[in-house]
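Worksheet for the structure shown next.
The values are calculated or read from the model by the stated rules, or taken from the named source; none is laboratory data. Because the structure is predicted, anything quoted here is derived from the model rather than measured. When we count neighbours, we look across all protein chains shown, and the Cβ atoms used for this are built from the backbone with ideal geometry, even at glycine.
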Amino acid sequence: MRRETFADLVARATALAIPGKRHLLGICGAPGAGKSTLAERLAAALGEHAALVGMDGFHLAQRELDRLGRADRKGAPDTFDDDGYRHLLTRLRANTDKIVYAPEFRRAIEEPIGCAVPVGCDVPLVITEGNYLLLWPGIRTLLDEVWFLDPAPEIRRNRLLARHMHYGRSADEARARTDGSDERNARLIAATAADADLVFAEID
């Protein structure tokens, strides 16, 4: 599987960060692929020329998941407000508002927080990351480029186990989540990789 250097990825993202214009870069992949880490590193490298908006800010609240009977599948495509995410990306791409406020997901409380990420109209590149950028209708056409991060399954699964335990799950609970809903979602996401502009396994 192809590898990329971080320097090359920064150069590719920088080419999209054209002052006076607005471009959107999507980073996609399965749970535990490393999307958030890469997106955060890119945003830090580009500084004031980029803003980071995560798809996870559109998780349905836990109370709504309970009401719908979907709490045990949290992270599946129908446990997000995909229409809300699409509308936000549409606003960000149009760039007609002085500032747009995006939500973010706080893992410490497992809930989305509204209006947490300000994106000014002078920011040329919006980086967005998430599982379903290539699955949900209407999202791909709003993105100038989509990168698909696809590490080896054992690396991805080990990251998930560590993450779940870090946020309070027992080893058995973490394994059940990793082997269950996370793996089902990963297979669904893997089928969308062909629609990405760039697919790579790891970053040097």
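Within segment 25-40, how many residues are in contact with a helix residue (DSSP H, G or I) (Cβ under 6 Å, 6 or more places away or on another chain) and either without any contact (Cβ under 8 Å) to a residue 24 or more places away in the chain or hydroxyl-bearing (Ser, Thr, Tyr) (or both)?
Final tally of qualifying residues: 0.
Which of the residues belonging to segment 66-85 are surrounded by 16 or more Cβ atoms within 10 Å (Cβ to Cβ) and either assigned to a strand (DSSP E or B) or more than 20 Å from the chain's Cα centre (by Cα) (or both)?
Phe80
Let me confirm something: among Asp172, Asp122, which residue is out of contact with any strand residue (DSSP E or B) (no Cβ under 8 Å at 6 or more places or on another chain), under 23 Å from His49 (Cβ atoms) and not aliphatic (A, V, I, L, M)? Spell out how you get there, then give the answer.
Details: Asp172 fails: under 23 Å from His49 (Cβ atoms).
Criteria check complete, one pass: Asp122.
Of everything in segment 152-183, what is within 29 Å of Ala194 (Cα to Cα) and outside any helix (DSSP H, G or I)? Give them in sequence order.
The one that is within 29 Å of Ala194 (Cα to Cα) and outside any helix (DSSP H, G or I): Ala152.
So Ala191 fits all but one of (1) surrounded by fewer than 18 Cβ atoms within 10 Å (Cβ to Cβ); (2) in contact (Cβ under 8 Å) with a residue 24 or more places away in the chain; (3) under 24 Å from Leu24 (Cβ atoms); what number is the exception?
That leaves (2) as the condition not met.
If I filter segment 86-129 down to residues being among the β-branched types (Val, Ile, Thr) and within 16 Å of the chain's Cα centre (by Cα), which single residue comes out as farthest from Val10 (Cα to Cα)? Explain how you work it out, then say what you get.
Restricting attention to segment 86-129, the residues satisfying the condition of being among the β-branched types (Val, Ile, Thr) are 90, 96, 99-100, 109, 113, 117, 119, 123, 126-128.
Remaining after also requiring within 16 Å of the chain's Cα centre (by Cα): 113, 117, 126-128.
Working: Ile113: 29, Val117: 22, Val126: 14, Ile127: 12, Thr128: 15 Å.
Per the criteria, the residue is Ile113.
If you go through segment 1-54, how many residues are among the basic types (Lys, Arg), buried (at least 19 other Cβ atoms within 10 Å of the Cβ) and part of a helix (DSSP H, G or I)? Explain how you work it out, then say what you get.
First, the residues of segment 1-54 that are among the basic types (Lys, Arg): 2-3, 12, 21-22, 35, 41.
So of that shortlist, the ones also buried (at least 19 other Cβ atoms within 10 Å of the Cβ) come out as 22, 35.
Checking the rest, the ones that are also part of a helix (DSSP H, G or I) come to 35.
Matching residues across segment 1-54 total 1.
Just for segment 104-119: of the residues that are touching a residue at least 12 places away in the same chain (Cβ under 8 Å) and in a loop (DSSP other than H, G, I, E, B), which one is surrounded by the fewest Cβ atoms within 10 Å (Cβ to Cβ)? Let's see the steps before the verdict.
So in segment 104-119, the residues touching a residue at least 12 places away in the same chain (Cβ under 8 Å) come out as 104-105, 107-108, 110-119.
Those still in the list that are in a loop (DSSP other than H, G, I, E, B) too: 107-108, 110.
Values: Arg107: 11, Ala108: 7, Glu110: 13.
Result: Ala108.
Taking the residues in segment 135-151 that are outside any strand (DSSP E or B) and among the β-branched types (Val, Ile, Thr) as candidates, determine which candidate is surrounded by the most Cβ atoms within 10 Å (Cβ to Cβ).
Of all residues in segment 135-151, those outside any strand (DSSP E or B) come to 135-144, 150-151.
Checking the rest, the ones that are also among the β-branched types (Val, Ile, Thr) come to 139, 141.
On the way: Ile139: 23, Thr141: 9.
Ranking the candidates gives Ile139 first.
Yes or no, residue by residue, for (1) closer than 23 Å to Arg106 by Cβ; (2) surrounded by fewer than 17 Cβ atoms within 10 Å (Cβ to Cβ):
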site	(1), (2)
Cys121	no, yes
Leu125	no, no
Leu133	yes, no
Pro153	no, yes
Arg157	no, no
Arg175	no, yes
Thr178	yes, no
Asp195	no, yes
Ile203	no, no
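Just one of the numbered conditions (1) more than 20 Å from Ile189 (Cα to Cα); (2) at pLDDT below 95 is not true of Pro31; which one?
(1)
Considering segment 56-104 alone, what residues qualify as being of a type in the set (Asp, Glu), modelled with pLDDT of 95 or more and more than 22 Å from Ile139 (Cα to Cα)?
Hits for segment 56-104 are Glu64, Asp66.
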